[in-house]
Amino acid sequence: MDSEKHLPEHLGQFIEQTPWTFAKTYARKWPHEYIVREKVDQVLFDELAAHIDKHGYESNFYDRKQIYFDHEGQTYWHMGNIINRCHAGETYHRRAKEGRLPVTEDITGQAKFPWPEKPWLLSGRFVDALEAAAVMFADKDRKRTGIPYISHLLSTCTIALQNGANEDQAIAALLHDTIEDIEDKDRARAIVGLFGTEVLRIVEACSDTDKVKKEPWEERKRRYLERLPGEDQAVLLVSASDKLDNARAIVTDLKQHGPSVWDRFNAPRDKQLWLYGELVKVFEKHLKGKSGLVNELKEAVAEMSRLGGDR
């Protein structure tokens, strides 16, 4: 069965040029995108729908029969005034064949789930923060590396916990980029605020802007550096944890890719090294009782400078 029937060039262009909407409602179990007939070129929509139905192949979605069509790594299907698509490997029939059907809902509700028998060190509020961070940043990567951004949030939280963070500070570490990087600022603040006023206060203080269109890089960083010495120990701990993970990541990338790494950033090498050098000075003077954390950051910045090269 040939499921990759030739798609006319004009329909391929229609697919590429038409904005697809991510289906947030089904993001956890069945991540996919869709277009609605009334919001696109209706003639081309109808032609694409007819092509899918004529040249596609029949398979199942649970007990329902559906016609699917594969094109350039995506699988398309037509449902009335909607055309959907998802990555070819994420269709029901492929996931069923490989034993990968969704099981993410109610995992902890299973009768034999191994619940801890002792009091939790971190509460269910922390578990909720893990989920919130993972979902809000699910479509973001680290500086065009393809590495999921959640890796940075988890690492920042880990560093903070290893250096004595309490639950509020650990949650703030997970959410520290929310106000700065999530486009809908009102919703971002509202979500962070659900975890309490202290978490919101720390996250606000760790943000160098709350503007959708960010101010120039150096303006933001100088303002942050001027404000940071006046912040309390909770804010300084989360900020230092964030900067240490960033510095470690830069060092790793410099070792793997060389000075071209600096091209990913909004400011050149010298400006980046200036920023990290100034941050070290602030933490050395104002972050109390965390000499191990500060020394790790200082060493990482020195390594950044040594490996940085010239551009």
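Taken together, the values in this text are just the output of simple stated rules run on the coordinates, not laboratory data. The shown structure was predicted, so the numbers you read here are calculated from the model rather than taken from an experiment. Positions of Cβ are generated from backbone atoms using ideal geometry, with glycine treated the same way; all protein chains shown enter the neighbour counts.
So which GluC sites (Glu not before Pro) in segment 156-221 end up in coil per DSSP with only 10 or fewer other C-beta atoms within 10 Å? Walk me through the numbers on the way to the answer.
Values: sites: Glu167, Glu180, Glu183, Glu198, Glu204, Glu218, Glu219; in loops: Glu183.
Those satisfying the criteria are Glu183.
Between the Cα long axis of helix 150-162 and the first principal axis of the chain there is an angle of about 30°, rounded to the nearest 10. If only the Cβ of Lys and Arg carry +1 and only the Cβ of Asp and Glu carry -1, the dipole of the chain around its Cα centre is close to 680 debye. With springs only between Cα atoms under 10 Å, which of Pro148, Pro114, Pro102 fluctuates most in a Gaussian network model of the chain? Result: Pro114 has the largest fluctuation of those listed.
Treating the beta-carbon of each Lys and Arg as +1 and of each Asp and Glu as -1, no other charges, what is the dipole magnitude of segment 260-311 about its Cα centre, to the nearest 20 debye? Let's see the in-between values first.
On the way: 10 positive and 8 negative charges, 36 e Å.
Its charge dipole is roughly 180 debye.
Shown for Lys243, Lys271: other C-beta atoms within 10 Å of each C-beta, ranked fewest to most, produce the order Lys271, Lys243. Inter-part distance, segment 16-93 to segment 262-311, computed on C-alpha centroids, equals 47 Å. Just one of [x] 1.02; [y] 0.97; [z] 1.05 is Rg/Rh (Cα atoms, Kirkwood Rh) calculated from these coordinates, so which is it? Calculated Rg/Rh (Cα atoms, Kirkwood Rh): the matching label is [z]. In summary, segment 124-308 shows an alpha-carbon radius of gyration equal to 0.97 times the 2.2 N^0.38 Å reference for compact globular proteins.
With the radius of gyration and the Kirkwood radius both derived from the Cα set of segment 246-288, what is their ratio Rg to Rh?
Here Rg/Rh amounts to 1.05.
The magnitude of the dipole of segment 1-116, with charges of +1 and -1 set on the Cβ of Lys/Arg and Asp/Glu and taken from the Cα centre, is near 640 debye. Relative to the longest principal axis of the Cα atoms of the chain, helix 291-308 runs at roughly 70 degrees. For segment 254-288, run through the chymotrypsin sites (Phe, Trp or Tyr not before Pro) and keep only the ones in DSSP coil with at most 15 other Cβ atoms within 10 Å of their Cβ. Taking segment 254-288 and a limit of 15 other Cβ atoms within 10 Å, the loop chymotrypsin sites (Phe, Trp or Tyr not before Pro) found are Phe265.
With the cut-off at 18 Å, tell me which of the pairs Lys255/Lys281; Lys271/Lys298; Lys29/Lys112; Lys214/Lys298; Lys185/Lys211 have Cα atoms farther apart than that.
Details: Lys255/Lys281 25 Å; Lys271/Lys298 16 Å; Lys29/Lys112 22 Å; Lys214/Lys298 28 Å; Lys185/Lys211 8 Å.
Exceeds cut-off: Lys255/Lys281; Lys29/Lys112; Lys214/Lys298.
Extension gain, Trp274-Tyr57: 0.36 nm per intervening residue step, less the Cα-Cα distance, totals 72.3 nm.
The mean sequence separation of alpha-carbon pairs under 8 Å and at least six residues apart, normalised by the residue count of the chain, gives a relative contact order of 11 percent.
Taking the chain as the reference, fit the longest principal axis to its C-alpha atoms, fit the long axis of helix 269-286 to the helix C-alpha atoms, and give the angle between the two in degrees, 0 to 90, nearest 10. The answer is roughly 50 degrees.
When the alpha carbon coordinates of segment 42-85 are projected onto the principal axes, the ranges are 31, 23, 16 Å, largest first. Ranking Met304, Leu174, Ser291 by Cα position along the charge dipole of segment 124-308, where only Lys, Arg, Asp and Glu carry charges on their C-beta atoms, puts Met304 farthest toward the positive end.
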